[in-house]
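Take a look at the structure set out below.
The values are calculated or read from the model by the stated rules, or taken from the named source; none is laboratory data. Here the structure is a predicted model, which means the values were calculated and not measured. All Cβ positions, glycine included, derive from the backbone under ideal geometry; neighbour counts span all protein chains shown.
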Amino acid sequence: MSPATEIAFETDQEYEFVDGHWEAKEMGSAKHGGVSTRLIIRLGGYVEANQLGGVYGPDTTFQIGQNERLPDVSFISAARIPEEGETDEKWPVAPDLAIEVISVNDVWSKVRRKLREYFAAGVQQVWLISPEERQVEIYDSPTQISVLTENDDLTNEKLLPGFHCRVSELFQQPARQQ
């Protein structure tokens, strides 16, 4: 068990290893978890059905340069999954796609730093999903950004050929019984 897992288990808190010390990761709200889960369901089902690789949730640790990061959602293409496959340790490779769902408590300077770290480690694309603004910022580099709103389709033909998800689907509230 990695030190990050031990700490998270003992304190019911997740941590990222940043600049030589453990940093508590903000606990997500119900809205944050709902958006992440809706994306994992759609993306994971598509990736599995098309054997494109693996989709991982917010408790998966990746080695990102000297730091250990836990994206809210991530994707590793089949071609980059190590021969030994998934291990009981952190991923030694950066994901191809890192996705962060922005919480109201997130500090933007930390989010931007993480974004730069992802690209420096070889991540090909980063999605920042804002439930508050109901939009998705797609980064192909730290400075090349596309913004999608609820009426747009979320796609990535290079990494996820054929995948599409209407942005508004990520923000749908669960149905309530009347």
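In this structure, E84 does not qualify as among the charged types (D, E, K, R) and assigned to a strand (DSSP E or B). The one condition from (1) of a type outside the set (V, I, T); (2) surrounded by fewer than 19 Cβ atoms within 10 Å (Cβ to Cβ); (3) in contact with a Gly (Cβ under 7 Å, 6 or more places away or on another chain) that A94 does not meet is (2). Flag: E117 matches the condition of being modelled with pLDDT of 90 or more and among the charged types (D, E, K, R). Cβ-Cβ distances below 7 Å connect the following pairs, each with a first residue in the range 29-40 that is at pLDDT below 75, a second residue that is outside any helix (DSSP H, G or I), and a separation of six or more residues or different chains: S29/S103; K31/P131; H32/V101; H32/S103; H32/P131.
Each row is one residue, and each column tells you yes or no for (1) at pLDDT 95 or above; (2) closer than 19 Å to I41 by Cβ; (3) more than 17 Å from the chain's Cα centre (by Cα).
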| residue | (1), (2), (3) |
| --- | --- |
| I99 | yes, yes, no |
| Q124 | yes, no, no |
| N151 | yes, no, yes |
| Q172 | no, yes, yes |
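Restricting the first member to the range 163-174 and to residues that are in a strand (DSSP E or B), and the second to residues that are basic (K, R), the beta-carbon pairs closer than 6 Å and six or more apart or on different chains are C165/R42.
Looking only at residues of the range 71-85 that are more than 19 Å from V136 (Cβ to Cβ) and either modelled with pLDDT of 90 or more or β-branched (V, I, T) (or both), we find that the one that is farthest from the chain's Cα centre (by Cα) is A79.
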